[in-house]
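Please read the structure below before turning to the comments.
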Amino acid sequence: MEEYELTKALDEAIFQADGWDSDELSTNREMALQYYYGDDAIAPYAPGRSRVHSLDVHDMHSAVMAAMMPAFEIDDLATFESESDEDDDQARTETNAVNYMVMQANNGYMVFKQAVWDALLLRNGLVKVWLEQRENASTETYENLMSIEAQDLRNGEQSGGAQMDVEVLEESTNDNGLIDMTVRFTERTERLKVEAVDPTRFVWDRNHDDIVLRECKFCAERDFPTRSDLIEAGFDKKKINDLQPFTLDTKTDTVARNRNNYNQAHEAAEPSQEVIETWECYYRIDYDGDGIAELRRILYAPGSRVILENEEADLIPYASGTARMQPHRFIGVSVYDLMKNVQDSKTRILRQWHDNQNHANNARIGAVTNAVDLDDLTNSRPGGVVRITDPNALVPIPVPDIGGSCQAALEYMDTVRSERGGASLDLQNHQTGIHGQTASGIERQFSSRELQTADMLRTLSETLVKETYLLVHAAMRLWMSGSIPVRSGTASEIVEPAAWQPRERVNIKTGLSQAERLAKKQILEDIVLAQRELIGEGLNGILTDTSKLYNTLMDHAVFCGLDNPDRYWTDPESEQAQQAAQIAAQQAQAEQARQQKLLEDGITVPAQIDGMKVVEDARQHDSEMQFKYTELAVETEVKEAEMVSDAALELEKQAMSNEQSERTDAA
């Protein structure tokens, strides 16, 4: 295909693409931005009448953003699924690497925040993944070098061992026999970039009917680099200087986004800063004439109809997503689409209410001709005097108060706004009215009001976020060579993306409302308790194990919103855990040996105790017998003493009786 044929095809593709100037989508975006900012152009006003705007598009957009963005605050939004048990470690490594590349190396939170902002207001959000390659050149002069030092410079080695391209510009031998050299060093660096794309600068084939752009026949991104940027990127200087400069952007939606004409006029103080309009096109076209269309990346300058680059492309590097899908269509439904009628109605009601208040404060007065000083009457200064010649010269004209009906109408439109837009504003208004309710009741109330927001977040997760992660994985695998250091939590590792296999299965962790996150957090806490009980009852490795308990604890930390949960838990399969397990096993073996010894010792102890008991029993028996013998002997002696005493007493009584008888006989 000749170049003029290709430029003609590109012009036609851009002109017929969706998103090009003045089509329905471009007009919709222009109006959405004007409604968001409350521009006067969307609701003209009469002189002297109220010009207030109701900013329902802005308010609902901001409320939904505030409800969604906490889901993007974690560093591991996605997890690549393994294809087998042997693939678990590799899938985990790739997951850590891609999460690091998106969320840390490219500030993924801000990338997704911009893309989600666009998706809610402009129907679609876009993220681009590309490899930035830079060349940093420097010239150095060296004197009095030895031969080995000069050779090191020629080989591209500097202090620190950095490798780079070397060009010797000048070399000579001085009077001392040493070498003087002038060398230019060119260091090439590459970095994978992930950036949000302005939808007002993006067009695509109008027949494309899928939210995913992988199979799109044509899409292109508009950009405005300077001549200096293009020359620095490696393009031919003469070719760039011959391009026509771009001076004024008149695309309607871009003008609406560039408020106060910011960045609309492209004027340069000198030629190197002149802006060139370019389109980076991804076009499926039969360029080689074999009858089969292949995907090509073409950098096109339409102002001069010049093709700057034309090469085969591995993939379309754009991820797209929307919050509210239209089945079988690329574009979605925006907050503006849903809130336009609400904002128009509330603006009219507010203006009528304001005008009514102004009329009530400055009521119309009927005046009798020549009986009233009209200058005094038309001066509504507070406390001013109105000179009249007749007490009946002034007749008030009543103004009905429409405040009550206006307030009722506004409240009704607020209900419509909440039901259409995601109920986020309604949720905020009800937070002051939930005191005294049970926790489960509050959770149900919040959950019911979060349903639409949660659905929008899940849709964005499964479109924009998922495609971004798949693109980053593919880009790292296809475009990044060599080893790359990545950091996951507190650990660092080296990965080689070129050795990865393609993956399509990825789980996204966003898409949950706050109530859903709390519910899952409680479920995980219950699982932790059950796992601990099972392990404590000796069922480790049967119904659960420490690895599964570790996974549960890690997921619980994620749902709590903690970054780097591995700071709190140790992986039981890590080297540190294995060493600790070995030490614990050795200690357990030592304790078991000690218990066994005690058990063995415990077999002879009872026999010894029994023997000692027999001896003690014999001793006690002897003691008892001795005590009884002694007691019997003492008792016998006592009885003998009593008998002797009794006999002696009886003899003494008999002697006394005989003596008494003798005295009686003598008398």
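Annotations
- Selection within segment 386-404: residues that are under 60 Å from the mean Cα position of the chain (by Cα) and either of a type in the set (A, V, I, L, M, F, W, C) or over 24 Å from Leu350 (Cβ atoms) (or both). The member of this set that is modelled with the lowest pLDDT is Val399.
- Among the residues making up segment 318-331, those that are out of contact with any helix residue (DSSP H, G or I) (no Cβ under 6 Å at 6 or more places or on another chain) and modelled with pLDDT of 95 or more are Tyr318, Ser320.
- Taking the numbered list (1) open to solvent by 60 Å² or more (accessible area, probe 1.4 Å); (2) in contact with a strand residue (DSSP E or B) (Cβ under 9 Å, 6 or more places away or on another chain); (3) assigned to a helix (DSSP H, G or I) in turn, Leu153 passes all entries but (1).
- Any pair with Cβ under 8 angstrom, 6 or more apart, that starts in segment 459-482 at a residue that is at positive phi and touching a residue at least 12 places away in the same chain (Cβ under 8 Å) and ends at one that is small (Gly, Ala, Ser) and open to solvent by 40 Å² or more (accessible area, probe 1.4 Å): Gly482/Ala498
- Pairing each residue of segment 4-18 that is farther than 16 Å from Arg296 by Cα and assigned to a helix (DSSP H, G or I) with any residue that is polar (S, T, N, Q) and open to solvent by 90 Å² or more (accessible area, probe 1.4 Å), provided the two are 6+ apart or on different chains, yields no C-beta distance under 6 Å.
- Qualifying residue in segment 148-163 (condition: in contact with a helix residue (DSSP H, G or I) (Cβ under 8 Å, 6 or more places away or on another chain) and either of a type in the set (A, V, I, L, M) or on the phi > 0 side of the Ramachandran plot (or both)): no
- Any chance Leu471 is surrounded by fewer than 16 Cβ atoms within 10 Å (Cβ to Cβ), modelled with pLDDT of 55 or more, of a type in the set (A, V, I, L, M, F, W, C) and closer than 30 Å to Ile494 by Cβ: no
- Out of Leu470, Leu457, one residue alone is assigned to a helix (DSSP H, G or I), under 20 Å from Leu126 (Cβ atoms), within 15 Å of the chain's Cα centre (by Cα) and of a type outside the set (D, E, K, R). It is Leu457.
- Residues of segment 349-376 classified as out of contact with any Leu (no Cβ under 9 Å at 6 or more places or on another chain), free of Cβ contacts under 8 Å to residues at least 24 places away in the same chain and not in a loop (DSSP other than H, G, I, E, B), total: 4
- Restricted to segment 408-420, and to residues there that are under 22 Å from Gln357 (Cα atoms) and in contact with a helix residue (DSSP H, G or I) (Cβ under 8 Å, 6 or more places away or on another chain), the residue that is modelled with the lowest pLDDT is Asp414.
- Residues satisfying the stated conditions in segment 1-26, i.e. open to solvent by 60 Å² or more (accessible area, probe 1.4 Å) and either under 16 Å from Ala119 (Cα atoms) or of a type in the set (Gly, Ala, Ser) (or both): Ser22
- Extreme residue, farthest from the chain's Cα centre (by Cα), among residues of segment 474-492 that are within 29 Å of Arg567 (Cβ to Cβ) and open to solvent by 60 Å² or more (accessible area, probe 1.4 Å): Ser483
- Selection within segment 47-62 - touching a residue at least 24 places away in the same chain (Cβ under 8 Å) and farther than 17 Å from Asp118 by Cβ: Arg49, Ser50, Arg51, Val52, His53, Ser54, Leu55, Asp56, Asp59
- For segment 27-64, a residue qualifies if it is among the hydroxyl-bearing types (Ser, Thr, Tyr) and surrounded by fewer than 19 Cβ atoms within 10 Å (Cβ to Cβ), and the qualifying residues are Thr27, Tyr37, Tyr45, Ser50, Ser62.
- Of Val166, Val183, Val194, all but one fail to be open to solvent by less than 50 Å² (accessible area, probe 1.4 Å) and either within 30 Å of Asn99 (Cα to Cα) or part of a loop (DSSP other than H, G, I, E, B) (or both); the exception is Val194.
- Members of segment 377-406 found to be in a helix (DSSP H, G or I), within 14 Å of Arg364 (Cα to Cα) and open to solvent by less than 100 Å² (accessible area, probe 1.4 Å), listed by number: Leu377
- Given (1) open to solvent by 80 Å² or more (accessible area, probe 1.4 Å); (2) under 20 Å from Pro485 (Cβ atoms); (3) touching a Leu at 6+ places or on another chain (Cβ under 7 Å), number of the condition Arg92 does not satisfy: (3)
- Check on Thr552, surrounded by 13 or more Cβ atoms within 10 Å (Cβ to Cβ), at pLDDT 85 or above, within 30 Å of Arg458 (Cα to Cα) and β-branched (Val, Ile, Thr): yes
- Residues in segment 220-237 that are in contact with a Ser or Thr (Cβ under 9 Å, 6 or more places away or on another chain) and of a type in the set (A, V, I, L, M, F, W, C): Phe224, Leu230, Ile231.
- Subset of segment 197-233 that is of a type in the set (Phe, Trp, Tyr) and closer than 29 Å to Gln273 by Cα - its residue that is most open to solvent (accessible area, probe 1.4 Å): Phe224
- Any hit, segment 506-520, residues being in contact with a helix residue (DSSP H, G or I) (Cβ under 7 Å, 6 or more places away or on another chain), open to solvent by 30 Å² or more (accessible area, probe 1.4 Å), among the β-branched types (Val, Ile, Thr) and at pLDDT below 85: no
- For segment 393-413, the criterion of being of a type in the set (S, T, N, Q) and under 30 Å from Met339 (Cα atoms) is met by at least one residue.
Residue-wise test of (1) more than 30 Å from Met476 (Cβ to Cβ); (2) free of Cβ contacts under 8 Å to residues at least 60 places away in the same chain.
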| residue | (1), (2) |
| --- | --- |
| Tyr287 | no, no |
| Ala301 | yes, yes |
| Ala313 | no, yes |
| Pro317 | no, no |
| Arg329 | yes, no |
| Asp337 | yes, no |
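- Test: residue in segment 304-316 that is open to solvent by 20 Å² or more (accessible area, probe 1.4 Å), at positive phi and not hydroxyl-bearing (Ser, Thr, Tyr): yes
- Scanning segment 247-255 turns up no residue that is without any contact (Cβ under 8 Å) to a residue 12 or more places away in the chain, within 27 Å of Cys216 (Cα to Cα) and not hydrophobic (A, V, I, L, M, F, W, C).
The values are calculated or read from the model by the stated rules, or taken from the named source; none is laboratory data. Since the model is a prediction, treat every value here as computed from it, not as a measurement. Counting neighbours? That spans all protein chains shown, and the Cβs are built from the backbone with ideal geometry, glycine included. When the accessible area is computed, the model is the full protein with side chains, heavy atoms only, and any ligands, DNA or RNA have been set aside. Shrake-Rupley method; radii C 1.70, N 1.55, O 1.52, S 1.80 Å.
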